[in-house]
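Colleague: Shown below is the structure under consideration.
The values are calculated or read from the model by the stated rules, or taken from the named source; none is laboratory data. Since this is a predicted model, take the numbers as computed values, not measurements. Neighbour counts are summed over all protein chains in view; Cβ atoms, including those assigned to glycine, are modelled from backbone coordinates with ideal geometry.
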Amino acid sequence: MATEILMPALSPTMEEGTLAKWLVKEGDEVKSGDILAEIETDKATMEFEAVDEGTVGKILIDEGTEGVKVNTPIAVMVEEGERAEDIDTSASKDSAPADDTSDKDTDTAKPMSAQPAAAMPEPEPVEDPEVPEGTEMKTQTVREALRDAMAEEMRGDDTVFLMGEEVAEYQGAYKVSQGLLDEFGAKRVIDTPITEHGFTGVATGAAMGGLRPIVEFMTWNFAMQAIDQIINTAAKTRYMSGGQMSVPVVFRGANGAAARVGAQHSQDYAAWYAQIPGLHVAMPYSAADAKGLLKTAIRGDTPVVFLENELLYGQSFEVPDLDDYTVPFGKARIWQKGDDVTLVSFGIGMKYALEAAEKLAEDGISAEVIDLRTLRPMDTKTVIESVKKTNRCVTVEEGWPVSSIGGTISSVLMQQAFDYLDAPVITCTGKDVPMPYAANLEKHALVTTDEVIEAVKTVTYK
Amino acid sequence: MPAAKSPKKPNTSKEELLKYYREMLLIRRFEEKAGQLYGMGLIGGFCHLYIGQEAVVVGLEAAASEGDKRVTSYRDHGHMLACGMDPKGVMAELTGREGGYSKGKGGSMHMFSTEKHFYGGHGIVGAQVPIGAGLAFADRYLETGGVTFTYFGDGAANQGQVYETYNMAELWDLPVVFVIENNQYAMGTSVQRSTKSPSLWERGAAYGIEGEEVDGMDVLAVKAAGEKAVKHCRAGKGPYILEMKTYRYRGHSMSDPAKYRTREEVQKIREERDAIEHVRELLLQGKHAGEDELKAIDKETKDIVNAAAEFARESPEPSLDELWTEIYA
């Protein structure tokens with residue numbers, strides 16, 4: 001009985017990858033454990049092993065093919081007596097991203113579907129005062145933008161260094177620090193032991209001693225071990241010292257839910273750190289903001305909590321092709337103008353806000369979408385000005401509902417724009433539960449686009 | 001408490017002994033005055049006195065060079081005075097006044113001095129240990145040749161981050177002297193009730209860190225050990241641990257009922273092992289100084305402390321604008 005070999009997922013968040021190399025050819029006999037192929041994603045290269053013994057009947061996807069979606073059949077294994085030609089693979093070809101790279105089909109040169117699997121709605125930003133008119137743009141992933149921000153700042157200032165688990169030789173657990181060890185060497189790109197509490201304190205002390213550390217937490221969940229140093233030392237030392245001491249340190253890493261990693265690895269810390277005076281807190285959505293905000297963070301003399309998102313790392317955006325692109329803290333970005341409702345979000349919450357706005361437009365509801373970009377300082381002025389126009393507001397975030405960022409915005413609007421509100425503010429948040437593992441439960445534990453649409457319809461009385 | 005180790009006729013000069021005498025006496029008189037002001041309601045909150053432990057900081061400061069750094073816990077008044085910070089500024093911080101080192105915003109536990117390379121003043125037990133290693137990390141990175149003295153108590157020695165820090169400090173050869181001020185009691189819990197480890201410094205061996213136990217009531221022994229540790233660090237050999245066997249005469253903080261030890265235990269150490277008395281005897285026995293000269297020093301010291309107390313009472317409270325300043329760069 002012939003069996004199809006499917007494109008494997010190398011991580012919980014992988015949706016597509018490159019079939020880099022076949023290590024077997026049609027007709028080869030393989031046994032369990034033999035390496036069949038090398039698969040690459042933007043994070044890693046992995047060897048893909050055979051699970052069963054048999055003969056490679058037919059290779060369906062040629063090596064070098066990019067954008068092969070997870071679970072696409074890539075080869076067929078046959079048993080003794082079977083012939084590859086007898087196997088009907090037409091069904092699988094429908095979902096295969098490409099027929100054959102020898103084919104001159106132009107589609108094969110780029111990702112297979114016009115809409116990449118995990119694409120986010122990406123309307124042109126309406127306002128971006130930091131970018132001069134006529135600036136060239138280049139397409140970059142958030143991951144590349146973050147790396148470039150670090151590399152540029154490290155080139156400009158010898159006291160900037162990166163430390164964290166797997167940042168150097170492994171090239172970053174999520175490949176954000178790819179290439180930095182090669183360029184800057186082991187003195188400035190430092191692998192730490194698994195010691196969050198300790199190395200956070202060491203970095204904080206190094207900042208007090210005249211350096212500009214960037215600390216990568218593999219994820220912010222692990223920074224719970226170190227939260228005392230972040231809050232009690234980094235955030236408070238300037239004040240406690242009567243302004244004598246600076247702690248110019250940036251703490252960065254993946255924040256929030258990824259995919260199917262359970263309760264202890266899926267938590268949004270936006271509201272936690274946004275409460276702390278003495279910290280700056282950034283949570284970018286786009287690659288351009290990730291780059292510009294990180295450069296600002298590294299240069300500043302205030303400790304910064306920089307909340308990234310694993311699911312956004314691989315997303316591509318247009319980034320201004322400037323020598324020194326920075327984004328100021330405390331300035332929201334209006335992603336799209338609208339008249340009927342103000343949608344306020346940040347980080348990956350923007351995905352839901354923009355998707356909802358797109359669908360609402362089909363129903364004739366015009367949403368203004370604001371990306372806060374930084375939560376401390378928070379640009380409530382832009383939100384208030386928008387609400388004065390739309391008279392309605394819905395906030396969107398993945399974090400929990402109690403003491404949420406949305407709750408803060410809601411309170412600010414009630415105190416400063418009460419007379420402009422035609423409906424109570426609705427805060428769309430993650431559900432008030434630990435993150436479950438089951439796929440269907442996880443989806444519901446997070447905020448959903450439908451909930452945002454529903455909330456907008458409620459506040460617009462539609 | 002180990003037996004005194006210092007030889008009867010130490011290899012030291014009159015000037016050196018007088019310097020130690022002055023510095024230790026300043027700390028003791030300052031702390032006594034702080035205790036008084038606390039009783040009068042001029043100092044609030046927590047106030048942890050250093051009385052009894054003076055030889056540790058004075059001996060180690062004698063082993064330090066210009067540019068070396070120090071960081072400690074909340075029992076920090078002695079460390080600040082020993083590294084040359086102004087008693088007026090320290091006392092005015094205790095009273096929460098504008099003239100304090102942190103303009104009244106830090107208090108007893110949170111003072112700093114960029115000028116004297118004093119990095120606090122930390123209120124979370126053990127949190128200063130990775131901070132100290134981080135300061136040493138900066139020195140190594142910037143190749144300054146500096147050494148950081150990182151002080152912590154026997155209580156902090158049971159915190160996990162201390163051992164995370166030991167591991168990294170040795171891994172990266174950081175020039176840090178870990179000074180365990182073992183005053184026998186973590187608040188009200190004696191060392192014997194906290195651990196079965198026979199000694200605290202030996203725990204460094206698990207990470208490859210050398211160290212030794214030192215008679216922390218003998219300023220000369222402290223200084224000698226400090227010099228050895230500093231030499232080790234400056235030679236690029238990584239960290240070094242000094243476990244100072246010392247004793248705190250006063251309570252953990254001002255509100256300590258002291259039920260965990262007997263009055264006799266405290267009295268015995270004061271009488272037999274007092275660090276200041278020890279140097280006083282060396283000065284008198286060695287005929288380096290007469291009673292009159294020492295009395296004059298006592299008076300000078302009292303005058304300094306009284307002036308500091310006066311300044312701390314007279315200095316105005318910080319302006320209300322200070323509430324909102326120095327949170328951000």
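Colleague: Listed residues A:GLY67, A:GLY17, A:GLY57, A:GLY27; which is farther than 30 Å from A:TYR437 by Cα and in a strand (DSSP E or B)? Quick ask: steps written out before the conclusion?
Modeller: Values: A:GLY67 fails: farther than 30 Å from A:TYR437 by Cα; A:GLY17 fails: farther than 30 Å from A:TYR437 by Cα; A:GLY27 fails: in a strand (DSSP E or B).
Residue meeting the stated conditions: A:GLY57.
Colleague: If B:HIS117 satisfies every condition in (1) at positive phi; (2) facing another protein chain (nearest Cβ under 8 Å); (3) free of Cβ contacts under 8 Å to residues at least 60 places away in the same chain but one, which is the exception?
Modeller: For B:HIS117, the failing item is (2).
Colleague: In addition: In the range B:315-329, how many residues are away from every other protein chain (no Cβ under 14 Å) and without any contact (Cβ under 8 Å) to a residue 40 or more places away in the chain?
Modeller: Matching residues across the range B:315-329 total 1.
Colleague: Sticking with this one: Given the criterion surrounded by 24 or more Cβ atoms within 10 Å (Cβ to Cβ), more than 8 Å from chain A (Cβ to nearest Cβ) and not aromatic (Phe, Trp, Tyr), identify the matching residue among B:VAL147, B:VAL129. Spell out the reasoning first.
Modeller: On the way: B:VAL129 fails: more than 8 Å from chain A (Cβ to nearest Cβ).
Exactly one residue qualifies, and that residue is B:VAL147.
Colleague: Only residues that are of a type outside the set (Gly, Ala, Ser) and under 16 Å from the mean Cα position of the chain (by Cα): list them for the range B:197-236, please. Step through it out loud before you land on a result.
Modeller: Within the range B:197-236, the first condition is being of a type outside the set (Gly, Ala, Ser), and the residues that meet it are B:198, B:200-203, B:207, B:209-210, B:212-215, B:217-220, B:222-223, B:227-228, B:230-234.
Of everything in the range B:197-236, those that are of a type outside the set (Gly, Ala, Ser) and under 16 Å from the mean Cα position of the chain (by Cα) turn out to be B:VAL214, B:ASP215, B:MET217, B:ASP218, B:VAL219, B:LEU220, B:VAL222, B:LYS223.
Colleague: Something else now. Go over the candidates A:ALA259, A:ALA234 one by one and state the one that is in a loop (DSSP other than H, G, I, E, B) and small (Gly, Ala, Ser).
Modeller: Numbers: A:ALA234 fails: in a loop (DSSP other than H, G, I, E, B).
The conditions single out A:ALA259.
Colleague: Which condition breaks for B:GLU264 when tested against (1) at pLDDT 95 or above; (2) in a helix (DSSP H, G or I)?
Modeller: Going through the list (1) at pLDDT 95 or above; (2) in a helix (DSSP H, G or I), B:GLU264 breaks only (1).
Colleague: Moving on. Under the condition of being of a type outside the set (A, V, I, L, M, F, W, C) and crowded, with 24+ Cβ neighbours inside 10 Å, which residue from the range A:310-335 is farthest from A:ALA257 (Cα to Cα)?
Modeller: Let us first name the residues in the range A:310-335 that are of a type outside the set (A, V, I, L, M, F, W, C), namely A:310, A:313-316, A:318, A:320-321, A:323-326, A:328, A:330-331, A:333.
Restricting the remaining residues to those that are crowded, with 24+ Cβ neighbours inside 10 Å gives A:310, A:313, A:333.
Details: A:GLU310: 8, A:TYR313: 13, A:ARG333: 23 Å.
Checked the range A:310-335; the qualifying residue farthest from A:ALA257 (Cα to Cα) is A:ARG333.
Colleague: Starting from residues that are touching a residue at least 60 places away in the same chain (Cβ under 8 Å) and more than 11 Å from chain B (Cβ to nearest Cβ), keep the ones in the range A:231-259 and report whichever is surrounded by the fewest Cβ atoms within 10 Å (Cβ to Cβ).
Modeller: So the residue we want is A:ALA259.
Colleague: Residue by residue through the range A:188-207, note down the ones that are within 7 Å of another protein chain (Cβ to nearest Cβ) and either of a type in the set (Asp, Glu) or surrounded by fewer than 17 Cβ atoms within 10 Å (Cβ to Cβ) (or both).
Modeller: A:PRO193
Colleague: Which pairs do you get when a residue that is facing chain A (nearest Cβ under 8 Å) and surrounded by fewer than 24 Cβ atoms within 10 Å (Cβ to Cβ), found in the range B:160-171, comes within reach of a residue that is part of a helix (DSSP H, G or I) and at pLDDT 95 or above, reach meaning Cβ atoms under 7 angstrom, with the pair 6+ apart or on two chains?
Modeller: Short answer, once both residue conditions are applied: B:GLY160/A:HIS197; B:ASN167/B:TYR207.
Colleague: Another one. In the range B:98-112, which residues are at negative phi and facing chain A (nearest Cβ under 7 Å)? Step through it out loud before you land on a result.
Modeller: Here is the first cut: in the range B:98-112, the residues at negative phi are B:98-102, B:105-106, B:108-112.
Matches in the range B:98-112: B:TYR101, B:SER102, B:LYS105, B:GLY106, B:HIS110, B:PHE112.
Colleague: Let me ask you something else. Within the range B:212-219, is even one residue without any contact (Cβ under 8 Å) to a residue 12 or more places away in the chain, away from chain A (no Cβ under 14 Å) and part of a loop (DSSP other than H, G, I, E, B)?
Modeller: Applying the first criterion (without any contact (Cβ under 8 Å) to a residue 12 or more places away in the chain) to the range B:212-219 yields none.
The answer is no, given that none of the residues of the range B:212-219 is without any contact (Cβ under 8 Å) to a residue 12 or more places away in the chain, away from chain A (no Cβ under 14 Å) and part of a loop (DSSP other than H, G, I, E, B).
Colleague: Let me ask something additional. Tally the residues that are within 13 Å of the chain's Cα centre (by Cα) and part of a loop (DSSP other than H, G, I, E, B), restricting the search to the range B:32-66.
Modeller: Step one: list which residues in the range B:32-66 are within 13 Å of the chain's Cα centre (by Cα), which gives B:48-62.
Remaining after also requiring part of a loop (DSSP other than H, G, I, E, B): B:48-53.
Adding up the residues that qualify gives 6.
Colleague: In addition: Given the options A:ILE276, A:ILE298, A:ILE227, name the one that is assigned to a loop (DSSP other than H, G, I, E, B) and either within 22 Å of A:GLY209 (Cα to Cα) or at pLDDT 95 or above (or both). Write out each step before concluding.
Modeller: On the way: A:ILE298 fails: assigned to a loop (DSSP other than H, G, I, E, B); A:ILE227 fails: assigned to a loop (DSSP other than H, G, I, E, B).
A:ILE276 is the lone residue from the list that is assigned to a loop (DSSP other than H, G, I, E, B) and either within 22 Å of A:GLY209 (Cα to Cα) or at pLDDT 95 or above (or both).
Colleague: When only residues in the range A:399-444 that are within 21 Å of the chain's Cα centre (by Cα) and small (Gly, Ala, Ser) count, which is farthest from A:ILE276 (Cα to Cα)?
Modeller: A:ALA439
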